[in-house]
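Peer 1: My questions all concern the structure below.
Where a number appears in this text, it was derived from the coordinates with a stated rule and is not lab data. Keep in mind the model is a prediction, meaning the values are calculated, not measured. Cβ placement follows ideal geometry from the backbone for every residue including glycine, while neighbour counts extend to all protein chains displayed.
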Amino acid sequence: MGMEQTWRWYGPSDPVTLADIRQAGATGIVTALHEVPIGEIWTEEAILERKRHIEWDDSVNPCKPRGLKWTVIESIPVHEDIKQGKPSRNAWIEKYKQSIRNAGKAGIPVVTYNWMPVVDWTRTNLEMELEDGAKALQFNMSEYIAFDLYILRRKNAEKGYTGEQIKAAKRTFESMSSERRYILQNNIIAGLPGGQEGYSIDDFRKRLEEYDVITPEVYRENLAYFLKQVVPVAIESGVRLAIHPDDPPISLFGLPRVVSTESDLQYIVNVVDSIYNGLCVCTGSLGVRPDNDLPGIVERLGDKINFLHLRSTQRSIDGSFHEASHLRGDVDMYNVIVAVLKEQKKRHAANRQDEAIPMRADHGHTILDDLEKKTNPGYSAIGLLRGMAELRGLELGIEKSGVVYK
Ligand code: DNO
């Protein structure tokens, strides 16, 4: 059996429609109730209403199934008070549990979340031009440091960088127009699609300061505290959790990061040993670190993988990276998919209900007609379609080659 092909849809305002997604050949929808404020309860009614909209086409009478199913929630974000371990966390955790119960009642099998403090995924440039004219998302290390030192002016920030890095960041900053500086600031703190809320520069500074006293050890314990309370509810509700890795998998702005390496993932799955306490393996995020052996991670932690984001990144020597096309770049996609299919074979033999792991092609390039359109960065239709088609072909080739199935 192949992986379940899914597509991230940003809801009714997404320029990519459900009909487009159907034509792209996906069968699963990944989405969220983006309108619910972070931490508040997702009601069963609201989930069911969105599910019906996804699964049934009401524009015809009688309505007919669209051939799509809402199979993954990405994400139910975790409130900052829970991440910081504030006394108020228990009340927020109760709300989180209720959202999980409601997702279960509505029949959504997988919920993704992340444990990144303050900022979700971070890029400095959303329009890096590639040699073929396509545009890609990029994390440029010098731009990031320039933002930290000269726009944010974070206290003691320079202590985290080498003299060489500071010089390069200064050069970068001086060469930027004020418009480019403004875009850089927005890319980092205004919130990328599907991320945490956006901040003004002052709010952002305040949020960062709250973390001055939170060491990585404490931050990790806060995650364990959350999991010990939430996983039992996920088990009861039949909802498999999938934690998304840090993107990028390094500390930003001196913040703690505890979901960046294989040993971080191992720690998390050991907190409560259950397939309901699982992982979203994002190859593009984890792949930014050369010390993350991606096929090995899939092999060793395979039984805990509840969701896959398949994409590739290309690293540069100075710690920058950009999104490569799905089968190029630093990610060994062939061996990742071989390992995924081997895991699925094991699940089949064990008669597990979750044999087909949901995957989505993540972060496509902006290409062709989409270059002229307003799109969600990384989520324009044609680039993702290209990515998904390539991944689908690779998967089929592996299936037929006999490497996994004799
Ligand atoms: C970016 C996404 C992330 C992801 C969340 C999961 O494209 O991978 O925003 O959805 O971090 O909670």
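Peer 1: Treating only the Cβ of Lys, Arg, Asp and Glu as charged (+1, +1, -1, -1), what charge dipole size does the chain show about its Cα centre? Round to the nearest 20 debye.
Peer 2: 540
Peer 1: Projecting each Cα onto the charge dipole of the chain (Lys/Arg +1, Asp/Glu -1 at the beta carbon, about the Cα centre), which of 261, 326, 43 comes out farthest on the positive side?
Peer 2: Working it through, the farthest residue towards the positive pole turns out to be 43.
Peer 1: Which loop trypsin sites (Lys or Arg not before Pro) in segment 1-77, with loop taken from DSSP, have no more than 15 other Cβ atoms within 10 angstrom of their Cβ?
Peer 2: none
Peer 1: Let me ask something additional. Please list, or write none, the lysines whose alpha carbon is within less than 22 Å of the alpha carbon of residue 346, excluding same-chain residues fewer than 8 places away.
Peer 2: Result set, ordered by chain and number: 304, 400, 406.
Peer 1: Along each principal axis of its Cα atoms, how long is segment 256-338 end to end? Whole angstroms, biggest number first, please.
Peer 2: The Cα atoms of segment 256-338 stretch 37, 31, 16 Å along the principal axes, largest first.
Peer 1: In segment 1-120, if every C-alpha pair distance is counted and binned at 10 Å from zero, what percent goes to each bin?
Peer 2: 13, 41, 31, 12, 3, 0
Peer 1: With 5 Å bins from zero, work out the P(r) of segment 104-145 over every alpha carbon pair and list the percent per bin.
Peer 2: Values per bin, smallest distances first: 5, 16, 15, 15, 14, 11, 10, 8, 5, 1.
Peer 1: Just subtract the alpha-carbon distance of residue 212 and residue 61 from 0.36 nm times their residue separation and send over the number in nm, one decimal.
Peer 2: Between residue 212 and residue 61, full extension yields 48.5 nm more.
Peer 1: What does the C-alpha gyration tensor say about the overall shape of segment 249-294? Classify as rounded when a/c is under 1.5, otherwise prolate if a/b is larger than b/c, or oblate.
Peer 2: oblate
Peer 1: Out of residues 5 or more away from residue 34 or on other chains, whose amide H comes under 5 Å of its own, with H placed 1.01 Å from N in the peptide plane?
Peer 2: Excluding prolines and chain starts, which carry no amide H, there are no hits.
Peer 1: When only Cα pairs under 8 Å and 6 or more residues apart are kept, what is the percent relative contact order across segment 1-101?
Peer 2: 28
Peer 1: For segment 130-269, what number results from the quotient of the Cα radius of gyration and 2.2 N^0.38 Å?
Peer 2: That works out to 1.25 for segment 130-269.
Peer 1: Can you pull the three principal axis extents for the Cα set of segment 184-342, in Å, largest first?
Peer 2: 49, 40, 26
Peer 1: Using helices alone, what [θ] at 222 nm do you get for the chain, with -39,500 (n - 2.57) per DSSP H run of 4 or more residues, divided over all residues and rounded to the nearest 500?
Peer 2: Computed mean residue ellipticity for the chain: -12500 deg cm²/dmol.
Peer 1: By a straight-distance test (C-alpha under 20 Å), which lysines pair with residue 135 as possible cross-link partners, with residues fewer than eight away in the same chain excluded?
Peer 2: Leaving aside lysines fewer than 8 places away in the same chain, those within reach of residue 135 are 373, 374.
Peer 1: So which trypsin sites (Lys or Arg not before Pro) in segment 294-370 pass both tests, a DSSP loop state and at most 15 other Cβ atoms within 10 Å of the Cβ?
Peer 2: Answer in residue order: 328, 352.
Peer 1: Decide, for segment 72-164, between rounded, prolate and oblate: order the square roots of the alpha carbon gyration tensor eigenvalues as a ≥ b ≥ c, take rounded if a/c falls under 1.5, and otherwise choose prolate if a/b is larger than b/c, else oblate.
Peer 2: Verdict is oblate for segment 72-164.
Peer 1: Quick one: the Cα spread of segment 44-84 along its three principal axes, in angstroms, biggest first?
Peer 2: 50, 18, 13
Peer 1: Comparing 388, 141, 116, which has the greatest mean-square fluctuation in the GNM of the chain with Cα pairs linked when under 10 Å apart?
Peer 2: 141
Peer 1: Here's a follow-up. Can you give the translational diffusion coefficient of the chain in µm²/s, computed by Stokes-Einstein from the Kirkwood radius over Cα pairs at 37 °C and 0.692 mPa s?
Peer 2: Reported coefficient: 150 µm²/s.
Peer 1: Considering amide H positions built from the backbone, and no H for Pro or chain starts, which residues 5 or more places from residue 125, or on another chain, come under 5 Å of its amide H?
Peer 2: Sorted by chain and number, the residues that satisfy this are 138, 140.
Peer 1: Looking only at 75, 237, 13, which one moves most when the chain is put into a Gaussian network model with springs between Cα atoms under 10 Å?
Peer 2: 13
Peer 1: Right, something else. For a paramagnetic label modelled at 7 Å from the Cα of residue 150 toward its Cβ, which residues of segment 166-200 fall within the zone defined by backbone nitrogen distances under 13 Å?
Peer 2: Residues 166-182, 184-185 fall inside that zone.
Peer 1: Let me know the shape class of segment 111-179, please: from the alpha-carbon gyration tensor, a ≥ b ≥ c as square roots of the eigenvalues, rounded when a/c is under 1.5, otherwise prolate if a/b is greater than b/c, or oblate.
Peer 2: Taking the square roots of the gyration eigenvalues as a ≥ b ≥ c, segment 111-179 is oblate.
Peer 1: Measuring from a point 7 Å past the Cα of residue 171 along Cα-to-C-beta, which residues in segment 306-326 have an amide N at less than 15 Å?
Peer 2: Taking a point 7 Å out along Cα→Cβ of residue 171, the residues of segment 306-326 whose backbone N falls under 15 Å are 317-320.
Peer 1: Also, quick follow-up: Skipping prolines and chain starts, which residues have an amide H placed within reach, meaning under 5 Å, of the one on residue 114, given they are 5 or more residues away or on another chain?
Peer 2: Under 5 Å from the amide H of residue 114: 78, 244.
Peer 1: Only Cα pairs within less than 10 Å get springs; with that Gaussian network setup on the chain, which residue of 320, 178, 263 has the largest fluctuation?
Peer 2: Among 320, 178, 263, the largest GNM mean-square fluctuation belongs to 178.
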